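Q: If you scroll down you'll find the structure; I have some questions about it.
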Amino acid sequence: MSLDKQNESPASIERLIAEGVLMMTYERPDVRILCTLHAFWDRCLSKQSEAPAGTDWRARKITDFIDSHPGKVRWNLDDICKQLGLAMSGRQARRVFRRVMRIGFKEYLKKSRLGFAAEQLKATTTVPIKAIAADAGYERTAEFGRSFKRLFLLSPTEFRTVWDKNKLVA
């Protein structure tokens, strides 16, 4: 019995499945597994966002500045534009940045700061988390911990512990 799905109603298809004439087959979903913890963290920590080829030079200048000074950049985009010599307002810069990078300025800055903090947590075990939070530009350690856990699904202490255990195994 050939089945033309375009001519059959959903009720008749269900009846054919129930009678065993038509079989439902499910394919495995395409799941990509990162084989190591290093690959997972590298994917999470990648600071370079994939901007389109024709990236606006102003947005590129802002992202380069953020990436080179992750803990030092403040939230005020007006001041950053003045510091970089961009003849545009913070509002206009925010719109250009979002259009080009497909992520808001504050979100990009937060991810950059947290990525910087994660790199420091991976590199050192003796520096207190409070000092790492301050280096990353956070005034309050609690805010840093909440933001870090929201992004990495681990607290900074758990992150450091997991990373240290993985280094010992590898």
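Computed from the coordinates by the stated procedures, all read-outs in this text should not be read as laboratory data. Every value quoted in this text rests on a predicted model; they were computed, and no experiment measured them. Because the Cβ atoms are built from the backbone with ideal geometry, glycine has one as well, and the counts that use them run over all protein chains shown.
Q: Could you run the Karplus curve 6.51 cos²θ - 1.76 cosθ + 1.60 with θ = phi - 60° over the range 157-162 and give me ³J(HN,Hα) per residue in whole Hz, x for Gly and Pro?
A: Each residue of the range 157-162 in turn: 5, 5, 4, 4, 5, 4 Hz.
Q: Which value, in debye to the nearest 20, describes the size of the charge dipole of the range 68-170 about its Cα centre when Lys and Arg Cβ atoms bear +1, Asp and Glu Cβ atoms bear -1, and nothing else is charged?
A: Values: 22 positive and 9 negative charges, 92 e Å.
Roughly 440 debye for the range 68-170.
Q: Multiplying the sequence separation of Ala142 and Lys130 by 0.36 nm and subtracting their Cα-Cα distance, what value in nm do you get?
A: 3.4 nm
Q: How do Met88, Met101 line up, fewest other C-beta atoms within 10 Å first?
A: Placing the least packed residue first, the sequence is Met88, Met101.
Q: Ordered by packing density, taken as the mean number of other Cβ atoms within 10 Å over each peptide's residues, highest first, how do 57-63, 9-15 rank?
A: 57-63, 9-15
Q: Can you list the GluC sites (Glu not before Pro) in the range 116-170 that are in a DSSP coil and have 13 or fewer other beta carbons within 10 angstrom?
A: Taking the range 116-170 and a limit of 13 other Cβ atoms within 10 Å, the loop GluC sites (Glu not before Pro) found are Glu139.
Q: What FRET efficiency, computed as 1/(1 + (r/R0)^6) with R0 = 30 Å and r the Cβ-Cβ distance, is obtained for Lys61 and Ser155, rounded to the nearest 0.05?
A: On the way: r = 34 Å, r/R0 = 1.15.
Once the sixth-power term is evaluated, E becomes 0.30.
Q: Continuing with this model, one more query. Say R0 is 35 Å: what FRET efficiency, to the nearest 0.05, do Ser89 and Ala123 get from their beta-carbon distance?
A: Here the calculated transfer efficiency is 0.40.
Q: How large is ³J(HN,Hα) for each residue in the range 109-119, as worked out from phi by the Karplus curve 6.51 cos²θ - 1.76 cosθ + 1.60 (θ = phi - 60°), to whole Hz, x for Gly and Pro?
A: For the range 109-119, the Karplus-derived couplings read 5, 5, 5, 5, 4, 5, x, 4, 5, 5, 4 Hz, x marking Gly and Pro.
Q: Which of the pairs Lys72/Lys149; Lys72/Lys130; Lys61/Lys149 have their Cα atoms more than 19 Å apart in this structure?
A: On the way: Lys72/Lys149 21 Å; Lys72/Lys130 16 Å; Lys61/Lys149 29 Å.
In this structure, Lys72/Lys149; Lys61/Lys149 exceed 19 Å between Cα atoms.
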